[in-house]
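Reviewing the structure listed below.
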Amino acid sequence: MNSDIQTSGNGNGNGNAGSVGNGRGGQVQSRPQQPQVVPPVDIFENDSGITVLADLPGASREQLTVRVDGDTLVIEASANTINVPQNMELLYSEAQFPSYRRQFTLSRELDAGRIDASLKDGVLRLTIPKAEEARPRRIEVRAA
């Protein structure tokens, strides 16, 4: 991997236990907070730019945020939650659905204003084109 993109992750995967009310004056047993996961990525480069593939199993497009803040690209998502049957209330669950977060420092050679993003089968695909002046080009040599 060259220096066009640098990666860093956040979160340690450990949540803190807490107690929540059930809306009827009682307490629901403690349950760990949603763990934060650094999603694995594959990064590819060609002459036109960088492609990032991030594994976000369980995340939907509505639960996904991709943003650029200065030279930092941030990916955040939440996995699906439990579907509670109609006329029922969830009191306790041991299922944990992760919250994903990953950030990258983008090179100035990349055009952050033209990032294309798509999500299919839990895989986020980001295509980040190189700035026109950073792309390799062939220089024609003329006879003098």
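Note that region 70-77 has calculated 3J(HN,Hα) couplings of x, 9, 10, 9, 10, 10, 9, 7 Hz, one per residue in order, obtained from phi through the Karplus relation 6.51 cos²θ - 1.76 cosθ + 1.60 (θ = phi - 60°); glycine and proline are x.
Scalar couplings 3J(HN,Hα) for region 113-118, obtained by applying the Karplus form with A = 6.51, B = -1.76, C = 1.60 to θ = phi - 60°, are x, 10, 5, 10, 10, 9 Hz; x denotes Gly and Pro.
Length available on full extension from Asn46 to Val141: 0.36 nm per residue minus the Cα-Cα distance, which gives 31.7 nm. Close amide H pairs (under 5 Å, H built 1.01 Å from N) link Ile50 with Ile128, Lys130, residues at least 5 positions away or on another chain. Projected label points at Arg61 and Ala95, each 7 Å from Cα along the beta carbon direction, are separated by 2.3 nanometres.
Taking R0 as 30 Å, what FRET efficiency do you get between Ala134 and Asn80 from their Cβ-Cβ distance, rounded to the nearest 0.05? My answer for the efficiency is 0.20. Placing a pseudo-label 7 Å from each Cα along the Cα-to-Cβ vector at Arg125 and Asn87 gives an inter-label distance of 4.5 nm.
Quick note: the coordinates plus some simple rules give every number you see, no bench work behind them. Keep in mind the model is a prediction, meaning the values are calculated, not measured. Please note: Cβ atoms are built from the backbone with ideal geometry, for glycine as well, and neighbour counts cover all protein chains shown.
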